[in-house]
Amino acid sequence: MMTTELTIHWVDYLIVCLTLAICLGIGIFFGIKGRRRSTRTAYFMGDRKLGIVPVCLSLFVTFMSAVSLLGIPAEMYFYGSGFFIFLLSLGICYVISIYTLIPLMYPLEVTSMYEYLGLRFESTAVRLLGTCVGMLQTISYMAICLLSPALALQSAAGIELWLSVVVIGIVGTVYTSLGGIKSVVWTDTFQAVLMFTGIITILVKALMEVGGVMKMFEIANSQGRIIFDDVRVDPRIRQTVWSLTIGAFFSWLLISFNQSTVQRLSSLRTMRAAKIAFLLNGPLIIVYGSILCFTGILVYSYFYSKACDPYKAGLIKNRNQVMPYFVMQVLAELPGMTGLYISTLFSASLSTFSSGINALAANTAEDLLGYPFAKFKVKESTATHITKLLVLFYGMLAIGLAYLAKSLHGPVTQMANSVMGACGGPVLGIFLLGAIFPWANKHGALYGCLAAIIFNMWMAIGGQIYGSPPVPLPPAPTYGCAANHTSVLINVTGSQEYSVSTSNTVSPNTNLSSPTSEEGPLFIYQVSYLWYGLSGVVISMTIGSILSLVTGKYDVTLLDPRLLFPFARRIWKIKLRETSDGENTLKLEQSSLMNVRESWKKEKEDRFPSRSSFIVPGDGNDLNIDLHGEEDSAI
């Protein structure tokens with residue numbers, strides 16, 4: 001019979017406090033160490049001298065947030081093993097990004113990825129639109145990452161929601177503000193080790209409780225938890241082979257085209273180092289994600305063998321709490337192990353939170369305040385201090401939004417992917433539009449992105465409000481729960497009882513993924529969250545391409561080939577010319593040096609302060625065009 005009298009040992013609290021203290025200590029160390037090098041390049045990019053291993057691990061923990069740590073096991077527990085297919089599409093995404101994202105972004109040496117939009121489309125409006133939507137995506141995702149562990153621990157471990165949100169938020173804000181990107185990367189490295197240690201410890205102990213791998217799969221298979229063959233093409237079905245491959249591919253690709261990702265890859269010394277760090281990150285993500293999937297099936301097998309489904313019995317209020325409650329059951333007898341799991345959960349949340357507020361500060365400093373900084377000749381040290389204040393501001397904002405978002409419901413993986421897809425899909429679309437099609441112009445990019453944003457927001461918000469909730473698989477039995485079939489919510493200071501029914505009202509033959517009624521919500525509100533990213537990309541690129549053709553082709557002779565993907569340069573036969581010192585520069589075959597000179601000078605005021613000059617080869621001399629000065633010089 002399952003016990004409901006679970007407590008947290010003082011050793012657990014000690015481990016959590018030590019974890020948070022180490023994170024703060026790393027921030028203080030890099031804050032003191034870097035006080036003499038007070039520049040935005042040092043603060044946001046680590047002077048572009050960071051190492052491969054810490055950047056790789058930093059990318060890993062940024063992607064594998066608390067949402068994954070809680071959400072993937074819960075997905076496997078309640079909806080079956082289909083989510084494992086999601087991981088298979090990640091490998092393809094990493095390979096493609098190696099040949100697209102990194103060769104495009106790294107040579108530009110941008111601090112904000114949205115600088116690319118300004119350079120490519122020569123439009124402040126396009127750059128600001130991408131920045132604002134990207135920042136909305138980041139802040140929303142951060143709120144979910146802060147809220148998820150707080151909600152889970154509130155009922156499973158008796159830790160007040162506000163306490164978890166505030167502690168994680170303040171610790172992450174402080175060390176990020178003090179040490180900048182170096183603090184974030186090295187703290188992430190520590191957190192990555194902790195996350196692997198925690199989840200593997202839980203896995204080993206739970207396998208011992210269940211009776212081994214074969215017993216686990218025997219139980220899961222007999223109860224219909226092993227699902228890999230749903231090939232229906234209805235986009236309203238929550239998870240199918242198609243949505244978990246095609247839809248998931250674009251969901252992960254837009255995460256790759258993310259400020260946090262670009263910022264870390266650009267902080268490495270060479271493009272080769274960036275490719276290695278990113279490529280190594282792929283196996284880490286897939287292995288860790290597979291462990292979480294494996295753990296979800298294991299959790300179900302454990303509760304089935306104990307004949308006590310905690311959600312059905314009312315022991316937890318929210319399906320996202322099943323993993324913490326499971327940990328409290330299997331590790332409660334070992335002082336310190338529960339603390340290790342809570343530290344793992346906090347680390348996963350801290351890594352994403354710190355990366356997010358650092359990215360938001362970079363976007364604000366470079367995209368929103370870059371021109372005022374340059375126009376009013378703000379000292380670099382002053383600008384850096386302002387960016388630190390921005391980190392504090394965004395940290396406090398995320399804490400507030402996380403607390404306000406406590407009324408959100410549904411699987412955390414679905415909430416997170418909905419936010420990422422709805423906001424990230426349209427922006428990814430204009431990145432792909434600009435990097436693939438040389439004739440794409442600012443009109444197509446601007447209105448294509450706006451149309452995709454409107455459609456995606458309508459679909460995502462309508463789906464959240466009016467869409468049918470996902471239907472889980474039949475639960476495990478509940479006759480092995482607490483005596484008299486009464487559940488007790490775990491609380492450190494006391495307990496409260498709730499009477500629940502133990503009857504199983506879900507038929508094993510229930511259609512778990514199909515829409516529940518022909519008379520239900522609008523079709524668009526029932527579309528699976530996994531298609532949001534692809535929807536934004538397709539709409540943004542389609543409308544953008546058409547409008548670009550209608551409003552007049554972009555003069556490709558003025559387009560820097562570095563602003564296209566390498567494969568697009570080959571397709572459109574736009575080449576880079578190599579100078580005597582080996583540097584790749586722009587090849588202009590149909591435009592004279594004078595025309596280029598006048599074109600750039602005329603539009604000087606529209607350029608961005610982060611891009612100080614361009615090297616434009618001409619008919620014998622390369623011209624260095626300074627966007628801020630009055631003189632041009634031949635080089």
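Side notes on the structure shown:
- Each of Val550, Val262, Val174, Val471 was scored by other Cβ atoms within 10 Å of its Cβ. Arranged with the fewest first, they read Val550, Val471, Val174, Val262.
- Using a simple spin-label model with pseudo-atoms 7 Å out from Cα toward Cβ, Glu380 and Val193 lie 3.3 nm apart.
- In order through the range 288-295: 3J(HN,Hα) via Karplus (6.51 cos²θ - 1.76 cosθ + 1.60), integer Hz, x for Gly, Pro: 5, x, 5, 4, 5, 4, 4, 5
- Remark: the range 27-96 carries a charge dipole of roughly 720 debye about the Cα centre, counting +1 on each Lys and Arg Cβ and -1 on each Asp and Glu Cβ.
- Violating pairs (Cα-Cα greater than 26 angstrom) within the set Lys182/Lys575; Lys375/Lys442; Lys205/Lys312: Lys182/Lys575
- For the range 196-312, a crude dipole built from +1 on the beta carbon of Lys and Arg and -1 on the beta carbon of Asp and Glu, taken about the Cα centre, is about 420 debye to the nearest 20.
- Computed 3J(HN,Hα) for the range 121-133, one whole-Hz value per residue from the Karplus formula 6.51 cos²θ - 1.76 cosθ + 1.60 where θ = phi - 60°, is 9, 6, 9, 5, 5, 5, 4, 5, 4, x, 4, 5, 5, glycine and proline marked x.
- As a rough footprinting exposure proxy, the listed residues Thr261, Thr100, Thr557 were ranked by other beta carbons within 10 Å of their own, and the order from fewest upward is Thr557, Thr100, Thr261.
- Listed by Cβ neighbour count within 10 Å, with the fewest neighbours leading, Asp234, Asp12, Asp229, Asp367 appear as Asp229, Asp234, Asp12, Asp367.
- On the basis of the beta-carbon distance and an R0 of 56 Å, Ala405 and Ile32 show a calculated FRET efficiency of 0.95.
- For the range 121-237, the spherically averaged projection of the C-alpha convex hull amounts to 13.6 nm².
- Global geometry of the range 287-340, whether rounded, prolate or oblate, following the gyration tensor of its Cα atoms and the 1.5 cut on a/c: oblate
- Integer Hz, Karplus 6.51/-1.76/1.60 couplings in order for the range 337-344, x for Gly and Pro: 6, 5, x, 5, 5, 4, 5, 4
Laboratory data are not the source of any read-out in this text; all were calculated from the coordinates shown. Just so it is clear, the structure is predicted and the values come from calculations on it, not from any experiment. Glycine also receives a Cβ, built like all others from the backbone with ideal geometry; neighbour counts cover every protein chain displayed.
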